[in-house]
Amino acid sequence: MVCHSPDQLLRARAAVSFARAALKAGHQLETIFFYQAAAAIGLATAQISSDDYDPRRAWQELATEHELRLLICVGSAQRRGVVEESLASGFAITGLGQWLAAMASADRVLRFP
Amino acid sequence: MVCHSPDQLLRARAAVSFARAALKAGHQLETIFFYQAAAAIGLATAQISSDDYDPRRAWQELATEHELRLLICVGSAQRRGVVEESLASGFAITGLGQWLAAMASADRVLRFP
Amino acid sequence: MTGLAAKPVGLAFCRGPHDGADARERLDLALALAAADWPLSLFFLGPGVQLLRRPAVTDELRDFPAALGTLVMFGVEQIFAEASALERYELAVDDLRISAKAISSAELRSAMDELSCLT
Amino acid sequence: MTGLAAKPVGLAFCRGPHDGADARERLDLALALAAADWPLSLFFLGPGVQLLRRPAVTDELRDFPAALGTLVMFGVEQIFAEASALERYELAVDDLRISAKAISSAELRSAMDELSCLT
Amino acid sequence: MSDVAAEAPEDLRSTGPAIMHWLWRDPSADPLLASCLATVRDDDCVVLQAEAALASVAAEQWLPGRRGRWLVLRPDLHSLGLQEEDVASDIECISMDELVSLSVRYATQQSWA
Amino acid sequence: MSDVAAEAPEDLRSTGPAIMHWLWRDPSADPLLASCLATVRDDDCVVLQAEAALASVAAEQWLPGRRGRWLVLRPDLHSLGLQEEDVASDIECISMDELVSLSVRYATQQSWA
């Protein structure tokens, strides 16, 4: 569960590279759930300076390589203007029920605030 | 100059009600400049819970009553996915040059972080 | 490793009521878990204890008491507030909006030990 | 009341380099003012002094030195860093990325007195 | 270089204009609180805005050795669940209208946020 | 109720599992630092993530009387302009891969953010 805003670059990189390292170590990772300010990571209309670390692209690349689901909580998305039309590719909007289901089947849940 | 995020409700109300009180006291107020996280206040696609204080509507109402200009800095807007298509009515996107011009003609500038 | 469902989930509220949407969105999470009958413990830590302050007048900005009341209605009983934070913000246990147990750091740690995760 | 342009504008950097986009966007503001030849004083206060830390290796996340260097090129000379904050973050004046004057609280206050506004 | 706490009050007998300081953050998470306290002069004014209003309650703890005139806004108190009786006796509770008329008396405003 | 600073270490001799604590905020703006320090047991582990990595430098000042195993990530250090030599001698500098393999050894993870 990722909760930080897209402009908190240290936190964003920590989440992406933890996920990448966990997959490399053979751990199973199926769902990344974007909650609170992290919903804005899935905003296609946000322009990121080409010099800066880009959390949106970093997640998209990791998701493509490892068939991860990038799920944005619908409540968080609505508050921040993330709608189907402005959704970045690779991301999907979903309800908290999906998060509960992921919790029920997971051994552990990690939050990246 | 308004810089806080739309979900910082205490700060948002402080800025709106200071502006309202200043106008009531006869001060001249022409431009509200939205910078940094405050750019997202002008996002039409963001849904605000009907029970919560709504900074976007509060500014729109004040602007209509007193012919204020609500200007969002283009750099802040681009970072946060605020584009012409998702811009709330009453707001306009502008460059920092407009802010410099407002600075040059103003007696004082107040920042609401 | 055992599944998460074996033990209660802990949710920690660490931010004040108007410091962004954090408190509001964590309450939504708590409500979703409680509605699904997931065993749940709530912790109010640091500035988060302010969420428990009983308001003198109704707040026009955002209405928290309703959501907190619903959690109690859903049967969430494990509600803890950090004693040192209550003191720092001059809050008495009797003045809280919902009934919470004031706990020391040692008690907080013991409560953490019972959880499958704390988030 | 006199116009703002009569005296220098003060810009205060109070957040760390990666604590959101604050530092980056305030640098943009400083660059716009400096490019318009507006008299300008920069203050690095509290966690903001970290912006002045000379990096050991180039940061892959975001490149601040370029923007800070441009400000110096534009002729901005009034650059102050809070002495107590430098101490708290273990920064020596000689180790800073750009030349800044370490100032006490009393000197900070005197510097503030010279400004049309500090924001 | 002198430490904030070691600063002697007489160092601040400047001949410059009085300043209105605006504090914005919850005192327990405000790294600038000490910096602000150390620059306040007897003829200055400090406004505890938004979350900073909490500092008006356990004021001896948060704001030791304060100088100048201290203010807190009633709407902020109410939204934080506080009453005027909770506020330290040397901190004034005011309305937004009063803040506007006070603020024009100060040539410089400084936001600590 | 006992104060954080007055807490005797022996109170924490619990029989429960060890916890991995994740700290995320700049130590000067972290109201939860004392809360975390007071709950750490000798067999626990604390990771100074993102801005919290700054606490590894003036560690005596920020983290007095710490117990347990303390870690900081090399990428965070580098992005904050720090080097391994700057870090307190009892705090280990590790890679993300090492963090992943360590984290599975702890049954519970706690984010202080």
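The values are calculated or read from the model by the stated rules, or taken from the named source; none is laboratory data. Computed from a predicted model, the values in this text were never measured in an experiment. Neighbour counts are summed over all protein chains in view; Cβ atoms, including those assigned to glycine, are modelled from backbone coordinates with ideal geometry.
Data for the structure
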{"read-out": "Region A:50-59, residues that are free of Cβ contacts under 8 Å to residues at least 40 places away in the same chain and either out of contact with any Asp or Glu (no Cβ under 9 Å at 6 or more places or on another chain) or not in a loop (DSSP other than H, G, I, E, B) (or both)", "value": "A:Ser50, A:Asp54, A:Arg57"}
{"read-out": "Tally, over region C:6-15, of residues that are modelled with pLDDT under 90 and either within 7 Å of another protein chain (Cβ to nearest Cβ) or out of contact with any Pro (no Cβ under 8 Å at 6 or more places or on another chain) (or both)", "value": "1"}
{"read-out": "Odd one out for E:Trp112, checked against (1) within 20 Å of C:Gly16 (Cβ to Cβ); (2) more than 9 Å from chain B (Cβ to nearest Cβ)", "value": "(2)"}
{"read-out": "Scan of region E:35-59 for residues that are of a type in the set (A, V, I, L, M) and part of a loop (DSSP other than H, G, I, E, B), ordered by number", "value": "E:Val40, E:Val57, E:Ala58"}
{"read-out": "Positions within region D:52-81 being closer than 16 Å to D:Pro17 by Cβ and acidic (Asp, Glu), in sequence order", "value": "D:Asp59, D:Glu60, D:Asp63"}
{"read-out": "Condition check for F:Thr15: within 16 Å of F:Ala107 (Cβ to Cβ), surrounded by 24 or more Cβ atoms within 10 Å (Cβ to Cβ) and either out of contact with any helix residue (DSSP H, G or I) (no Cβ under 7 Å at 6 or more places or on another chain) or at pLDDT 85 or above (or both)", "value": "no"}
{"read-out": "Cβ-Cβ under 8 Å pairs, at least 6 apart or on other chains, region C:20-33 side away from chain B (no Cβ under 14 Å), far side of a type in the set (Val, Ile, Thr)", "value": "C:Ala30/C:Val76; C:Leu33/C:Val9"}
{"read-out": "Among residues of region B:6-56, those that are surrounded by fewer than 23 Cβ atoms within 10 Å (Cβ to Cβ), more than 14 Å from chain E (Cβ to nearest Cβ) and not aromatic (Phe, Trp, Tyr), counted", "value": "11"}
{"read-out": "Qualifying residues in region D:35-60 (those that are surrounded by fewer than 20 Cβ atoms within 10 Å (Cβ to Cβ) and among the hydrophobic types (A, V, I, L, M, F, W, C)) - the one farthest from the other protein chains (Cβ to nearest Cβ)", "value": "D:Ala35"}
{"read-out": "Condition broken by E:Pro31, with the remaining ones in (1) farther than 30 Å from B:Ala106 by Cα; (2) more than 9 Å from chain D (Cβ to nearest Cβ) satisfied", "value": "(2)"}
{"read-out": "Checklist (1) in contact with a strand residue (DSSP E or B) (Cβ under 9 Å, 6 or more places away or on another chain); (2) under 26 Å from E:Arg41 (Cβ atoms); (3) of a type outside the set (D, E, K, R) applied to D:Val93, failing item", "value": "(2)"}
{"read-out": "Residue selected from region D:61-73 under the condition more than 19 Å from D:Asp94 (Cβ to Cβ) and surrounded by fewer than 16 Cβ atoms within 10 Å (Cβ to Cβ), by the criterion farthest from the other protein chains (Cβ to nearest Cβ)", "value": "D:Met73"}
{"read-out": "Enumeration of residues in region F:66-108 that are in contact with a Cys (Cβ under 7 Å, 6 or more places away or on another chain) and at the interface with another protein chain (Cβ under 7 Å from one of its Cβ atoms)", "value": "F:Thr108"}
{"read-out": "Residue check, A:Val83 surrounded by fewer than 19 Cβ atoms within 10 Å (Cβ to Cβ), out of contact with any Leu (no Cβ under 6 Å at 6 or more places or on another chain), under 26 Å from C:Asp22 (Cα atoms) and at the interface with another protein chain (Cβ under 8 Å from one of its Cβ atoms)", "value": "yes"}
{"read-out": "Residues satisfying the stated conditions in region D:51-88, i.e. of a type in the set (Ser, Thr, Tyr) and either more than 27 Å from A:Arg11 (Cβ to Cβ) or modelled with pLDDT of 95 or more (or both)", "value": "D:Thr70, D:Ser84"}
